[in-house]
Amino acid sequence: SAMLWTATTGILASALLYHCWHLPEVYRLDRIAISEQNWKGSVSRRMEYMSGMKNESLVLFPNPKDGTWKQRQLPYTAWDFFPPAYGCPFEMERVGSFGDGGKWICGISQYAAFKERPIVVYSFGVDEDSSFEAELVDRTSAHVYAFDYSVDNMGPEITNGSKVNVKFSKIGLGGSDETVDGNRFMTLPSIMSELGHDYVDILKMDVEGAEFDALDVLMETYNGSSLPFGQLMIEFHLWAAPQNIRDLVAWWERLESFGLRPVAQESNPLGVILGPGYPCCYEYVLINTRDNKSILQL
């Protein structure tokens, strides 16, 4: 009956609330353990699939005009090798505007509740939309350090009230410290050293292909230790990536070897519509599971 259904659902809801409020640590640790197993399963499937691949079918995307579509065991794109198999142990929320300006973030409630020190956010590539940075400043204690060589300042979303916690630098992120065509580029380790930071809570990159060189330098600098950030929101642009599946997977596995795990993936259809005509660009969120400074406490 309706009364029995209502009573039963009420009991279940109460039990769930009790579990969430009284056993949050057990629940979170269970989710982390399950996530790691899920991720390992996705890696096993990746390796199994690649073991049967022929050298002539290593392209990132199928091209029906040159016959590579028929060479494949199954139709796929490069992005299918890197699913977000690891679950965020907290909530996932999209922060910022619709479209290209917004980003998914793992556990913003944890950053909002954290009061021991200001949260350090590095944002590379702000263009003319600063809605992500503005919302972080509004909802957390974030101090945002933003970088973009292609614009002169932050977008209009950064108001006078939020400017006190936002610092903009007309600098590009790259694989070396250099000046190109009058534009200054720096590596992430150099920027952190110049600003006096040894750790970044949230790292955002949308740097039109420079992410591969930038992350290469970071992994070389911190080889044998933990990468100095808690989570990474990044748009990958495959025109700057290794141009076959084996090399791209090898590069991705370097990220994984540092404990980075993908918790979210979002396509960017504008890359198809306005760009080269294939799915060149995908957004990812990766959390650092070997980071003992993380506010997410993984």
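The values are calculated or read from the model by the stated rules, or taken from the named source; none is laboratory data. Please read these numbers as outputs of a predicted model, since none were measured by experiment. Don't worry about glycine lacking a Cβ; one is built from the backbone with ideal geometry, like all the others, and counts go over all protein chains shown.
What the table shows:
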item: Any pair with Cβ under 8 angstrom, 6 or more apart, that starts in segment 31-47 at a residue that is closer than 19 Å to Ile245 by Cβ and ends at one that is assigned to a helix (DSSP H, G or I) and modelled with pLDDT of 90 or more; result: Val43/Glu256; Arg46/Phe81; Arg46/Val249
item: Subset tally (residues that are over 22 Å from Tyr122 (Cβ atoms) and of a type outside the set (Phe, Trp, Tyr)) for segment 219-240; result: 2
item: Selection count where residues are touching a residue at least 40 places away in the same chain (Cβ under 8 Å) and more than 16 Å from the chain's Cα centre (by Cα), scope segment 217-243; result: 5
item: Qualifying residue in segment 237-245 (condition: of a type in the set (Phe, Trp, Tyr) and surrounded by fewer than 16 Cβ atoms within 10 Å (Cβ to Cβ)); result: yes
item: Segment 120-164, subset free of Cβ contacts under 8 Å to residues at least 40 places away in the same chain and β-branched (Val, Ile, Thr), residue nearest to Val207 (Cα to Cα); result: Val151
item: Criterion violated by Gly155 - all others in (1) farther than 22 Å from Gly99 by Cα; (2) more than 18 Å from the chain's Cα centre (by Cα); (3) of a type in the set (Gly, Ala, Ser) satisfied; result: (1)
item: Tyr111 at pLDDT 95 or above and touching a Leu at 6+ places or on another chain (Cβ under 7 Å); result: no
item: Flag for Phe132 being of a type outside the set (Asp, Glu), in contact with a strand residue (DSSP E or B) (Cβ under 7 Å, 6 or more places away or on another chain) and at pLDDT below 95; result: yes
item: Residue selected from segment 96-112 under the condition aliphatic (A, V, I, L, M) and crowded, with 20+ Cβ neighbours inside 10 Å, by the criterion nearest to Trp252 (Cα to Cα); result: Ile105
item: Condition check for Tyr199: within 21 Å of Ser294 (Cβ to Cβ), aromatic (Phe, Trp, Tyr) and surrounded by fewer than 19 Cβ atoms within 10 Å (Cβ to Cβ); result: yes
item: Any chance Glu220 is closer than 17 Å to Ser176 by Cα and in contact with a His (Cβ under 9 Å, 6 or more places away or on another chain); result: no
